[in-house]
Every structure is written in C-alpha cells, then in structure tokens.
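Input: a single structure, listed below in structure tokens.
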Ligand SMILES: *Cc1c(COP(=O)(O)O)cnc(C)c1O
C-alpha cells in the first residue's frame, strides 16, 4: 500500500486541474489581483452556500475572527469565552484585542462546548462567546444562543465546518461565523484565506471596512475608521470559487469515508460521535487511544500519516501559562487532548485505503495490554 496522507491535496488538484488552471489564467490575463469581480463573485456564492446574505473574504481564518472581535468593539476589560480543545487562533485573537480569554470545558462524547458550563462561566464582563465547530460538527447552537440572549455576542468558529448542518440549517446557525480556507480545510485555497459570514448588512460593512484600512467599497482616499489589511487575494477567491462548486460532493465523499471507518471500528475503539440533528462534515475523523504516542508511531511506520488535533489543551500551552490554570482545570478537554488521533480522511480516499488504516489501528489497539 502506498503512503496514505492525512489529506491528499494532489489528488484533489488532479481531479479539477482544468477548471483551476483556467481560473488562475483568467486572473493573470486580467491583472485583477486585489478586489474586483472574481472576489465579489466568490463572496456572494459562499454567502449563498451558507444560507446567509453576506460574506466578507479575509486573508485567513485568524484574521476573520480578529476582524469580527474588532467590529464588535471587544477590548481591554472585556471577557470572551471559548473552549481549550481548539486551534490556538480561536483564543489568540481575543488576546490580540486586549480582552481576557476564559475557557470552559467541553461535553463528554462530542467534545464540543458544554452549554451548561458556559452558562456558569458568563459574568457581566462577558462580551462574546466563540463556540468551535470542531472537526466539522456544530455545537448545540440552540442551547448556546438561549444562554447568550442578546447581551452576549456569538461568533461561530466554523473554520473546520464548511457546510456542516444543524437541524437542516448550515453553519453559522446564528448571526456570525468565521471560516478558514487554509489549504487543508474542507474548502481550501492555495495559500491563506478566510471569510466572515453574517446576517446583518451594517455588520458586514464594518468588517469589510476594517479589513481594507477603514475604506468603503469604491472609495480610495477616505479612511472612515482605523483598520488594517486583512483582504483576501483575488487569485485565492478565483480558486475557491471553482472549488466551492465541488464542495457538496466532497462533503458526501468525506461522510462516506467516515461511515466506512465507523463500520470497521465501532465497538473496537472510541470513534467520533455524530450528535442527533447534526450533519458532520468530517474535516477530521478523530478516534481515541490510551497510547496515542504508540499508535501514531505504529501508523507512521505503516505509511499512514495520522495526526493529533490538538495534543495539548490551550490552557496548558506555554503561551497561556500566565493564566495559572493547572492540569485538572478542564478534565474532559485534557483527557481528550491526550488521547485523540486524527485518521486520514479526504474525499478521494478509497475503501481499500480506509480498510488498511482501520486494520492497522485494530492491530495496534488489540495488541496493547
Ligand atoms: C484553521 C483554524 C483557524 C485559523 O484559520 P487560519 O486560516 O489558519 O488562520 C481557527 N480556528 C480553527 C478551529 C481552525 O481549525
């Protein structure tokens, strides 16, 4: 068996090469590197895909999250709540605004934000909550929005959840969501890119201004507010617009791969839980092992490029040592971070490849004392 990567971007490119090459060529021929129709087209199409009226392209998922916090005027003295088992970008942007990061633990089973713990953590200083749709599955947005009411803003970190549904509705289920188009994400650019998707026109305009030095669309010399440069490259927008047309079929293929893994692994190892009412898009297929290090080593030796997302809970990272949160602060996240193993999952993966990975997982897990 050839090497099995965690995600096979080469296979994807081969399958859409003609369309991609033509889209890139068009940008080169027309010299539209910043702004322009291809960017506006992608923003409109991606908003529509999400079932929302507005999308603003950004330079990354991180800058999308940061821009939303700035647009909500989150600042020093404010508190923002998120979970410790996520990519550090989710919480880093809170620090970047000068606000305080507050973590809450996740639910057993889904490993998504626990609404009951969120309820207890909210204080008069809490300005926003960032639920993370980890691995492609939506948090319980009904419970979270009831708890937040209209006092606390909700920013859905949908960076891993393009097209994920809750009760038939795509994320963001509430008003504001941030996406990453990092190459390995379910919808990936050929470089860095991201987007903010939202319900409110004024909010979309505030974000669009912030990412372009406080300028309004079409105006060049008036800077209405202080902002920065977090624009999406037009070249990336053109690539993403091509890929967006394939996203639904890729999602179905990912779900198929996950169902093959489930068939082979259920009952033998701890497999991912898809909560009732959710349509998981399997950015990652994550199992748990009591010997994560050993299992990864075994899989790597077999040419299976499994990974760990994320091996260390954020409050235990050196950069968050200042919070003084010891091991034991968020037991469910910590236990999960110590045991999680991401198996390869991508739309082009074959049943034979899945069977080989599952076989190797079981061989290691059953040989363990
Ligand atoms: C990828 C990711 C981000 C950051 O996106 P970038 O485009 O890499 O800046 C934020 N949050 C989560 C959960 C992610 O997976």
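Computed from the coordinates by the stated procedures, all read-outs in this text should not be read as laboratory data. None of these values were measured; they are calculated from a predicted model. Backbone-built Cβ (ideal geometry, glycine too); neighbour counts: all protein chains shown.
Under a crude label model (7 Å from the Cα following the beta-carbon direction), how far is residue 321 from residue 75 in nanometres?
Inter-label distance under the simple model: 3.2 nm.
Separation between the residue 116 and residue 290 pseudo-spin-labels, each 7 Å from Cα along Cα→Cβ, expressed in nm?
Distance between label points: 2.7 nm.
For the chain, what are Rg and Dmax over the alpha carbons, in angstrom?
When restricted to the Cα atoms of the chain, Rg and Dmax are 20.6, 69 Å.
Can you give the Rg and Dmax of region 178-289 based on its C-alpha atoms, in angstrom?
According to the Cα coordinates of region 178-289, Rg and Dmax are 19.2, 63 Å.
Given Cα pairs under 8 Å that are at least 6 residues apart, what percent is the relative contact order of region 247-367?
39 percent
Given the Cα atoms of region 247-367, and with Rh set as the inverse mean 1/r over their pairs in the Kirkwood sense, what is Rg to Rh to two decimals? Walk me through the intermediate numbers first.
Numbers: Rg = 15.7 Å, Rh = 15.5 Å.
Reported Rg/Rh, Kirkwood definition of Rh: 1.01.
Tell me the volume per residue, in Å³, of the convex hull enclosing the alpha carbons of region 318-369.
Details: hull volume 7.1 nm³, N = 52.
Convex hull volume per residue, Cα atoms: 137 Å³.
Going by average Cβ density within 10 Å per residue, which order do the peptides 23-33, 335-345 take, highest to lowest?
On the way: 23-33: 13.3, 335-345: 21.5.
Ranked by mean Cβ neighbours within 10 Å, highest first: 335-345, 23-33.
Would you kindly state how much longer the chain becomes between residue 350 and residue 199 on full extension, computed as 0.36 nm times their sequence separation minus their alpha carbon distance, in nm to one decimal?
Length gained between residue 350 and residue 199: 50.5 nm.
Which whole-number percentage describes the relative contact order of the chain, with Cα contacts under 8 Å and a sequence gap of 6 or more?
Relative contact order comes out at 22 percent.
What are the equivalent ellipsoid semi-axes of region 36-158, built from the alpha-carbon gyration tensor (square roots of five times its eigenvalues), in whole angstrom, biggest first?
Output for region 36-158: semi-axes of 25, 17, 13 Å.
Could you give the nm distance between label points at residue 256 and residue 362, where each point is 7 Å from its Cα heading toward the beta carbon?
2.2 nm
Counting each pair of different Cα atoms once, what's the Kirkwood radius of region 1-80 in Å, rounded to one decimal?
Computed over region 1-80, the radius equals 16.2 Å.
At 222 nm, what value in deg cm²/dmol follows for the chain if DSSP H runs of at least 4 each add -39500 (n - 2.57) and the sum is divided by all its residues, to the nearest 500? Don't skip to the end; give the middle numbers.
Working: 11 runs with 148 residues, N = 369.
Taking each H run of at least 4 residues, the total per residue is -13000 deg cm²/dmol.
Sort region 103-251 into rounded, prolate or oblate with this rule: let a ≥ b ≥ c be the square roots of the eigenvalues of the Cα gyration tensor; rounded if a/c is under 1.5, and if a/c is not under 1.5, prolate when a/b is larger than b/c, oblate otherwise.
The shape class here is oblate.
Based on the mean of other beta carbon atoms within 10 Å per residue, what is the order of 188-194, 273-279, most packed first?
188-194, 273-279
To the nearest µm²/s, what D does Stokes-Einstein give for region 108-184 at 4 °C and 1.567 mPa s, using the Kirkwood radius over alpha carbon pairs as Rh?
101 µm²/s
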